[in-house]
Amino acid sequence: MSNGTESKLINLDGVTLKIDFTKIHHNHEDLLTSRMLPHIWCPGCSLGTNVQALIRGLDMAGLNLDKEVVMISGIGCTGRASGYVEADGFHTTHGRAIPFALGVKLGNPGLHVIVFSGDGDLFAIGGNHFIHAARRKANITVICVNNGTYGLTGGQTSPTTFPNTVTPTTVPSDVVVEQPFNLVDLALGAGAAYVARYTSAHYTILPRIIKEAIRVNEEGYGLAFIDLISGCPALYGKRNGYDAVKMVKNFKEASVEIKPKPDGSHLLRKNTEVLFEKDKGYVRIPVGVFRRPKK
Ligand SMILES: Cc1ncc(C[n+]2csc(CCOP(=O)(O)OP(=O)(O)O)c2C)c(N)n1
Ligand code: SF4
Ligand SMILES: [Mg+2]
């Protein structure tokens, strides 16, 4: 990645590095916004891999980012991504990524509108917008970076935080147990046309999934949703005994590919549910494409 002009001093966990941006290159350099770098994300955060998968997916779909794509994010660590992709975009208010996306799509239905936002943004404050956009068959792609926490504001509980994990706002489980949303189940129930789940460890599969989601919109079937299970090693991970490497290993080991069954049993809640146990982490992550439009 090159910004063509300067070196910058970067502080990484107390170590100061002088980086000459004229000498660093990325193999998708033209798809990233070099003037926005360095990015704000912590070392080891899944967001780097997720954005890499995103731009490879847009590239694989053969889209001209300058003319055909609009990236929309709400507020959060994930929300920054809309500024790092070299396409027009909106880094909108918290929870309002989907209303902005609907406005863009209504204004110019020929554009590919990609919402890339966090679990808190899309399913806490923004949950109402998601379910109605799915119900109305809005032709937008929604990618939820589901790290199970409010990363940007300090690692508080979100609608996908598992019980018995440590956060600054965990309610003791002997008082009340708040169950996390199963985002696949929620999207299926709300009427999304395409529903998939993968993790940040599936970086080779994700671009193809993103391309497929975009095609669903192009063909006018309605909202395409990807639950992208991710890690926040700096806050949620650290408090619960996970570093970045352990998280990725855990994603790989716990993932179970779900094949669609003719009787539809793969859609049953128990078959889509992510299981997480204190001290073990993820014990089962059903991944795959749970719904494709019937052609
Ligand atoms: C109206 C409003 N309420 C609360 C906030 C504070 N806030 C900013 S980001 C955020 C949560 C972000 O969590 P998530 O969407 O999961 O993104 P992440 O940082 O984990 O990627 C909150 C509560 C805000 N900016 N605006
Ligand atoms: S706080 Fe968490 S989600 Fe945010 S950049 Fe750091 S590791 Fe990633
Ligand atoms: Mg989050």
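Applying the selection to segment 19-55, what residues are among the small types (Gly, Ala, Ser) and within 27 Å of Tyr236 (Cβ to Cβ)?
Kept after step one, since they are among the small types (Gly, Ala, Ser), are these residues of segment 19-55: 34, 44, 46, 48, 53.
Gly44, Ser46, Gly48, Ala53 - these are the residues of segment 19-55 that are among the small types (Gly, Ala, Ser) and within 27 Å of Tyr236 (Cβ to Cβ).
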Can you work out which of the residues in segment 143-154 that are crowded, with 24+ Cβ neighbours inside 10 Å and either assigned to a loop (DSSP other than H, G, I, E, B) or among the aliphatic types (A, V, I, L, M) (or both) is farthest from ligand 2 (Cβ to nearest atom)?
Ile143
Exclusive hit being of a type in the set (Ser, Thr, Tyr), within 28 Å of Glu277 (Cβ to Cβ), at pLDDT 95 or above and in the same structural domain as Gly89 (by TED's automatic domain parsing), set Tyr221, Tyr194, Tyr150:
Tyr150
Scan of segment 8-27 for residues that are at negative phi, in a loop (DSSP other than H, G, I, E, B) and exposed (fewer than 14 other Cβ atoms within 10 Å of the Cβ), ordered by number
Ile24, His25, Asn27
Of all residues making up segment 90-117, the number that are within 16 Å of ligand 2 (Cβ to nearest atom) and farther than 24 Å from Leu63 by Cα
1
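The values are calculated or read from the model by the stated rules, or taken from the named source; none is laboratory data. Here the structure is a predicted model, which is why all the values come from computation and not from measurement. Please note: Cβ atoms are built from the backbone with ideal geometry, for glycine as well, and neighbour counts cover all protein chains shown.
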